[in-house]
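Worksheet for the structure shown next.
Each reported figure results from applying straightforward, stated rules to the coordinates on display, with no laboratory input. Since this is a predicted model, take the numbers as computed values, not measurements. As a convention, Cβ positions derive from the backbone with ideal geometry for all residues, glycine included, and neighbour counts pool all protein chains shown.
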Amino acid sequence: MRIRCTFADQDFTVALQDSATTRDFVSMLPLDLTISDFSTNEKIAHLPRRLDEGGLVDYTDEAPGDLCYFRGWGNLAFFHDSYNYRGDLIRLGRIEGEIDPLLIKGEFPLRIDKS
């Protein structure tokens, strides 16, 4: 399954992994959220509710373009630079193509739809 994300005249697709967490996320779509810069390597968006955490699995192939669910705050994390997996991240999928849209600085309305 794929989702389409749109903000600041940017549009990108994320290929999702199949897990309980991802299925719960998809059940909430479409979503209108706010995306903003966080730290030096990611953008975040707060969800209206927490997700099922059944998709938690360890992984070692972290990469820019990963979309993760951060269990600590219950938000989405769109990584645009390298990061290290920690037990509080559940990977939902990975951006298809370039990560350039995530490099635009600022806070914007974000629309997420099924693709």
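Structure values in brief
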quantity	calculated
Residues that are acidic (Asp, Glu) and either in contact (Cβ under 8 Å) with a residue 40 or more places away in the chain or surrounded by 15 or more Cβ atoms within 10 Å (Cβ to Cβ) (or both), drawn from segment 1-44	ASP11, ASP24, ASP32, ASP37, GLU42
So LEU51, is it under 15 Å from LEU16 (Cβ atoms) and either touching a Gly at 6+ places or on another chain (Cβ under 7 Å) or hydrophobic (A, V, I, L, M, F, W, C) (or both)	yes
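Okay, residues lined up against (1) under 12 Å from the mean Cα position of the chain (by Cα); (2) free of Cβ contacts under 8 Å to residues at least 40 places away in the same chain:
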{"residue": "HIS46", "(1), (2)": "yes, yes"}
{"residue": "LEU56", "(1), (2)": "no, yes"}
{"residue": "TYR59", "(1), (2)": "no, yes"}
{"residue": "LEU67", "(1), (2)": "yes, no"}
{"residue": "TRP73", "(1), (2)": "no, yes"}
{"residue": "GLY87", "(1), (2)": "no, yes"}
{"residue": "ILE90", "(1), (2)": "yes, no"}
{"residue": "GLY106", "(1), (2)": "no, no"}
{"residue": "LEU110", "(1), (2)": "yes, no"}
